[in-house]
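One structure is given here, and the rest of the page talks about it.
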Amino acid sequence: MGKAKTTEEIRRIAKAGQIVAACHREIERRLKPGTTTADIDRFVEGYIQQRQGRAAQKGYKGYPYATCACVNDVACHGFPDEKPLQAGDLVTIDLVVDYKGWLADSAWSYAVGKADPRGTYLLRTAKQALYHGIAAAKSGHTIGDIGHAMASFVQRSGCQIIPGFVGHGIGRALHEPPQVPPSGTAGTGAKLMEGMVLTIEPIVTLGKPEVWIAPDGWTVRTRDGMRTAQFEHTVAIGKEGARILTRLPKRAAR
């Protein structure tokens, strides 16, 4: 069971979340044909440092980069590299900010240039899956309600959730209890309570959900080579529902 955060603790996580959200806004502006994910990784690390934060993924369990950069069939934990991106590529950038000891986490998927119709559909489905999960994240609901909302929506859309990679509690540490699976049975699992802070992060594919891990020990790819997309927010559970901590307010909101 995850521990509820105080109002002040949530405020501190939200400060980190605003850096995360602003960084994603800048990433979107920079992802163009010819850009590399290594370019993006260097930008992200510098951007966070300039705002007195730290890229919390770098060094976590030996991970060597500031971001996870996943292109097309890479589902998660992809290494940034110097390969130029091509028009139509789908790219997910996952980043975590540690700001004065409090962490926030968000992944976002982007099309480089204009996506083809199937890529556009995948991006839309994955983003909608995230918001279905967030809508189910209410005090008194359960962890299973979140996963059920996401997986049932994705299945109706003709796509697949990739299992085995879960959301989680977050605060002082990157991974705190409880785990938040991307699928589940409604009404089961830990009960959600006001003050819990979680990440919700479904990974969706156009093909089959089976994956394999590359020799680097990190990069996860789909076995059938089909593309993936992932959208993730850090949220705080409130009386009336979940408050998104990794979204910019007003016109800048995602």
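I want to confirm something. Restricting to region 1-24 and keeping residues that are charged (D, E, K, R) and modelled with pLDDT of 95 or more, which single residue is surrounded by the fewest Cβ atoms within 10 Å (Cβ to Cβ)?
Glu8
Pick from Met150, Met196: which is farther than 18 Å from Tyr131 by Cβ, of a type in the set (A, V, I, L, M), crowded, with 23+ Cβ neighbours inside 10 Å and at pLDDT 95 or above?
Being farther than 18 Å from Tyr131 by Cβ, of a type in the set (A, V, I, L, M), crowded, with 23+ Cβ neighbours inside 10 Å and at pLDDT 95 or above holds for just one of Met150, Met196, which is Met196.
Using the structure shown, decide if Ala22 is in contact with a helix residue (DSSP H, G or I) (Cβ under 6 Å, 6 or more places away or on another chain), farther than 30 Å from Pro117 by Cβ and of a type in the set (A, V, I, L, M, F, W, C).
Answer is no for this residue.
Check off (1) outside any loop (DSSP other than H, G, I, E, B); (2) surrounded by 20 or more Cβ atoms within 10 Å (Cβ to Cβ); (3) touching a residue at least 40 places away in the same chain (Cβ under 8 Å); (4) not small (Gly, Ala, Ser) for Gln57 and give me the number that stays unchecked.
Evaluating Gln57 over (1) outside any loop (DSSP other than H, G, I, E, B); (2) surrounded by 20 or more Cβ atoms within 10 Å (Cβ to Cβ); (3) touching a residue at least 40 places away in the same chain (Cβ under 8 Å); (4) not small (Gly, Ala, Ser) leaves (1) as the failure.
Quick check on my filter: what residues within region 25-48 are within 19 Å of Val74 (Cβ to Cβ), of a type in the set (Ser, Thr, Tyr) and buried (at least 19 other Cβ atoms within 10 Å of the Cβ)?
Thr37 - this is the single residue of region 25-48 that is within 19 Å of Val74 (Cβ to Cβ), of a type in the set (Ser, Thr, Tyr) and buried (at least 19 other Cβ atoms within 10 Å of the Cβ).
In a loop (DSSP other than H, G, I, E, B), surrounded by 20 or more Cβ atoms within 10 Å (Cβ to Cβ) and modelled with pLDDT of 95 or more: which single residue out of Ala107, Ala129, Ala115 fits that description?
None of the other options fit; the residue is Ala115.
In region 32-86, what residues are among the basic types (Lys, Arg) and under 22 Å from Gly119 (Cβ atoms)?
Lys32, Lys83
Search region 205-242 for residues being touching a His at 6+ places or on another chain (Cβ under 7 Å) and in a loop (DSSP other than H, G, I, E, B), and hand back the single one that is surrounded by the most Cβ atoms within 10 Å (Cβ to Cβ).
Thr219
State which residue pairs qualify: first residue free of Cβ contacts under 8 Å to residues at least 24 places away in the same chain and part of a helix (DSSP H, G or I) and inside region 9-35, second residue of a type in the set (A, V, I, L, M, F, W, C) and surrounded by fewer than 20 Cβ atoms within 10 Å (Cβ to Cβ) in any location, beta carbons under 8 Å apart, and separation of 6 or more residues or different chains.
Final answer for the pair search is Glu26/Phe43; Arg30/Phe43.
Any chance you could count how many residues in region 60-86 are assigned to a strand (DSSP E or B), of a type outside the set (Gly, Ala, Ser) and in contact with a Gly (Cβ under 8 Å, 6 or more places away or on another chain)?
4
Scan region 162-180 and tell me whether some residue there is surrounded by 16 or more Cβ atoms within 10 Å (Cβ to Cβ), within 16 Å of Val71 (Cα to Cα) and modelled with pLDDT of 95 or more.
Within region 162-180, one or more residues are surrounded by 16 or more Cβ atoms within 10 Å (Cβ to Cβ), within 16 Å of Val71 (Cα to Cα) and modelled with pLDDT of 95 or more.
Need the failing condition index for Pro84 against (1) within 18 Å of the chain's Cα centre (by Cα); (2) more than 20 Å from Ala173 (Cβ to Cβ), just the number.
Of (1) within 18 Å of the chain's Cα centre (by Cα); (2) more than 20 Å from Ala173 (Cβ to Cβ), only one is false for Pro84: (1).
For Ala186, all conditions in the list (1) crowded, with 21+ Cβ neighbours inside 10 Å; (2) over 24 Å from Gly207 (Cα atoms); (3) among the aliphatic types (A, V, I, L, M); (4) in contact with a Ser or Thr (Cβ under 8 Å, 6 or more places away or on another chain) hold save one; what is the number of the exception?
(1)
The values are calculated or read from the model by the stated rules, or taken from the named source; none is laboratory data. Source: prediction; values computed, not measured. Note that each Cβ is placed from the backbone with ideal geometry, even for glycine, and that neighbours are counted across all protein chains shown.
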